[in-house]
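Coordinate-derived values only; no laboratory data. None of these values were measured; they are calculated from a predicted model. We place every Cβ from the backbone using ideal geometry, glycine too, and count neighbours over all the protein chains shown.
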Amino acid sequence: MGKPGGGGAAILFDRDGVLNVDEGYSYDPDRLVWVEGAREAVKAANDAGVLALVVTNQSGIGRGYYTEAQMHDFHAAISAGLAKASARIDAFYFCPYHEDAADPALRVADHPDRKPNPGMLLRAMKDHGVDPARAVMIGDKPSDMLAAERAGVKGVLFEGGDLNALVGGLLATLETVHG
């Protein structure tokens with residue numbers, strides 16, 4: 001599953017508040033704290049042949065709170081932590097744009113990639129040949145749910161607890177849906 005043109009299944013994970021504890025503009029690898037069951041959830045998706053894709057707003061870049069390189073270092077720390085659990089994120093997508101960005105190049109009022117807009121989700125699915133009927137967006141904010149709706153995928157609001165328990169129930173659904 002998940003090869004371009006293959007109509008594969010995917011879980012589109014928001015990052016902060018879903019995979020890692022949201023400290024507000026998380027970017028320091030030394031401060032990475034996993035949400036309960038996050039590594040196991042990603043591994044379960046991997047083991048089921050379901051793509052694990054991250055789609056995350058990163059306005060802190062545009063606001064000048066941290067650099068794109070620091071965000072990539074944080075993603076590398078996520079990947080390293082997942083590798084220790086024999087798990088992986090198949091791709092990271094991020095949106096640094098925000099209407100209040102300090103960097104004029106990133107100051108965009110309603111960028112198509114910034115959730116609640118669906119741009120990142122649509123690009124991730126296109127890039128990886130994902131069938132929207134076999135995709136789910138897991139997020140912790142209403143903007144994640146609206147982005148999912150606009151992208152034509154199921155949205156599941158994560159309100160805390162064990163992410164692996166939530167993903168376990170979703171995997172059976174993704175495996176049985178044929179679009």
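Shape class for the stretch 56-156, computed from the alpha carbon gyration tensor (a ≥ b ≥ c): oblate, with a/c not under 1.5 and a/b at or below b/c. Taking the charge dipole of the stretch 8-176 about its Cα centre, with +1 at Lys and Arg Cβ atoms and -1 at Asp and Glu Cβ atoms, the residue from 156, 128, 117 reaching farthest to the positive side is 128.
Working note: Debye formula, equal point scatterers on the alpha-carbon atoms of the stretch 1-116, no solvent; log10 I(q)/I(0) at q = 0.16, 0.20, 0.23 Å⁻¹ is -0.77, -1.08, -1.27. Along the axis of the charge dipole computed for the stretch 43-166 (Cβ charges of +1 for Lys and Arg, -1 for Asp and Glu, origin at the Cα centre), the listed residues 91, 57, 139 are led at the positive end by 91.
Amide H contacts of residue 20: 35, each under 5 Å away and 5 or more positions distant or on a separate chain (H built 1.01 Å from N in the peptide plane; Pro and chain starts excluded). Working ranking of peptides 102-112, 33-43, 53-63 by packing, defined as the average number of other Cβ atoms within 10 Å per residue, highest first, is 53-63, 33-43, 102-112.
With θ taken as phi - 60° and the Karplus curve 6.51 cos²θ - 1.76 cosθ + 1.60 applied, the whole-hertz 3J(HN,Hα) list for the stretch 51-64 is 5, 10, 10, 9, 10, 9, 5, 10, 5, x, 5, x, 6, x Hz, x standing for glycine and proline. Taking every DSSP beta bridge that has both ends in the chain, the antiparallel portion is near 5%.
The helix-based estimate of mean residue ellipticity at 222 nm for the chain, built from -39,500 (n - 2.57) per DSSP H run of four or more residues and divided by its residue count, is -10500 deg cm²/dmol to the nearest 500. Placing unit charges on the Cβ atoms only, positive for Lys and Arg and negative for Asp and Glu, gives the stretch 8-176 a dipole magnitude near 380 debye about its Cα centre.
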